[in-house]
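Notes for the one structure printed next.
The values are calculated or read from the model by the stated rules, or taken from the named source; none is laboratory data. As the structure is a prediction and not an experimental result, all values here were calculated from the model. Glycine also receives a Cβ, built like all others from the backbone with ideal geometry; neighbour counts cover every protein chain displayed. Quick note on the areas: whole protein, heavy atoms, side chains included, nothing else; ligands and nucleic acids left out. Shrake-Rupley method; radii C 1.70, N 1.55, O 1.52, S 1.80 Å.
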Amino acid sequence: MALKLHGIGFSTCTARVAATLYEKEADFELVGVNLAVGEQKQPHYLAKNPFGQVPALEDGDLTLFESRAITKYIAYKYSGQGTDLVRGGEEKERALVNVWVEVESQHFNPAVAPLMSELLIKPRVQRLPTDEAAAEAHAAKLDRVLGVYEERLSKSKYLAGDHFTLADLHHIPYLYMLVRSPKASLLTSRPHVNAWWEDISARPAWIKAAEGMKFWGAPVS
């Protein structure tokens, strides 16, 4: 039975899970959730994700929510196929995967998510003006975070070592948005971060997942 991924293509969290499923060569069905009419807040969907957010994953009688937890489940469930996203047989590298997965969640995401909200989501989805002062404050936080990444990636091809893992994959959806925003230079001005981005964004699995994110337009030139 194919997995069912409930979400919407231009959602960063849905795209994160879809990219993982493609990397693991797992069969799945994307089940659309109509956010425009508030389907995510209806009882039938709240039974899948009680916080009324996307995505949710159904695997038979198991239902999961929270994209990062879902990606880990997929990576271990399909450990024998596709890309090894957790470096299961390499103790030290596996530990570094876990570190940088946490860095994405605790440092990168809290800076980039509100910045993309101000620069892209508010004007394009909510039809609200950008709070320029808030955007600059979030950009300053992200600038500091990406400074750490530039140093790390000057010594390592990927965040956890020589191999692409969940540590890298978790970043891709918001980086995709960042390079389409007025603050793209936060990424493109850093040679090692930019080289990393060009590498990970060219992966076939991400190119498939990114089909749903074309809503955000072309990269800033």
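Which order do 76, 22 take by accessible area at a 1.4 Å probe, largest first?
I get 76, 22, largest accessible area first.
Which percent of the Cα-Cα distances in region 123-171 go past 15 Å?
That tail contains 62 percent of the Cα-Cα pairs.
For region 111-141, run through the trypsin sites (Lys or Arg not before Pro) and keep only the ones in DSSP coil with at most 14 other Cβ atoms within 10 Å of their Cβ. Could the numbers behind the result be given before it?
Numbers: sites: 124, 127, 141; in loops: 127.
In loop regions of region 111-141 (DSSP not H, G, I, E or B), the sparsely surrounded trypsin sites (Lys or Arg not before Pro) are 127.
Output the Cα-based Rg and Dmax of region 1-74 in Å, rounding Rg to one decimal and Dmax to a whole number.
11.2, 32
List the residues whose amide H sits under 5 Å from the amide H of residue 161, counting only those 5 or more places along or on another chain, with H placed 1.01 Å from N in the peptide plane.
Answer set, sorted by chain and number: none.
Probe radius 1.4 Å, ligands and nucleic acids ignored: give me the carbon and sulfur share of the accessible area of the chain as a rounded percent.
53 percent
What translational D, rounded to a whole number of µm²/s, comes out for region 166-221 from Stokes-Einstein when the hydrodynamic radius is the Kirkwood one over Cα pairs, at 37 °C and 0.692 mPa s?
Answer, rounded: 286 µm²/s.
Can you give me the pair-distance distribution of region 1-139, C-alpha pairs, 10 Å bins, whole percents?
Final binned percentages: 11, 34, 34, 18, 3.
Pop out the Kirkwood hydrodynamic radius of region 36-90 from its pairwise C-alpha distances, inverse of mean 1/r, in Å to one decimal. Working shown, then result.
Numbers: mean 1/r = 0.0789 Å⁻¹.
Answer for region 36-90: a Kirkwood hydrodynamic radius of 12.7 Å.
Residue by residue through region 151-168, which ³J(HN,Hα) values in whole Hz follow from phi under the Karplus form 6.51 cos²θ - 1.76 cosθ + 1.60 (θ = phi - 60°), with glycine and proline marked x?
Couplings: 5, 4, 7, 6, 10, 8, 5, 10, 5, 9, x, 8, 10, 5, 9, 4, 4, 7 Hz.
Rolling a 1.4 angstrom probe over the protein heavy atoms, how many square angstrom per residue are accessible across the chain? Walk me through the numbers on the way to the answer.
Details: 10470 Å² over 221 residues.
Roughly 47 Å² per residue, with all protein chains present.
Calculate one ³J(HN,Hα) per residue across region 16-24 by plugging θ = phi - 60° into the Karplus curve 6.51 cos²θ - 1.76 cosθ + 1.60, and present them in order as whole Hz with x for glycine and proline.
With coefficients 6.51, -1.76 and 1.60, one gets 4, 6, 4, 4, 5, 4, 5, 4, 8 Hz.
Taking the Cβ of residue 135 as the centre, find all other residues whose Cβ is under 9 Å away and add up their charges (Lys, Arg: +1; Asp, Glu: -1).
Once all neighbours under 9 Å are counted, the net charge is -3.
So what J values fall out for region 50-65 if you push phi through Karplus, 6.51 cos²θ - 1.76 cosθ + 1.60 with θ = phi - 60°, rounded to Hz, Gly and Pro as x?
Listing the rounded values in order: x, 8, x, 10, 10, x, 9, 10, 10, 10, x, 8, 9, 10, 10, 9 Hz.
Highest mean first, how do 12-20, 41-49 rank when packing is the count of other Cβ atoms within 10 Å averaged over residues?
Going from most to least packed, we get 12-20, 41-49.
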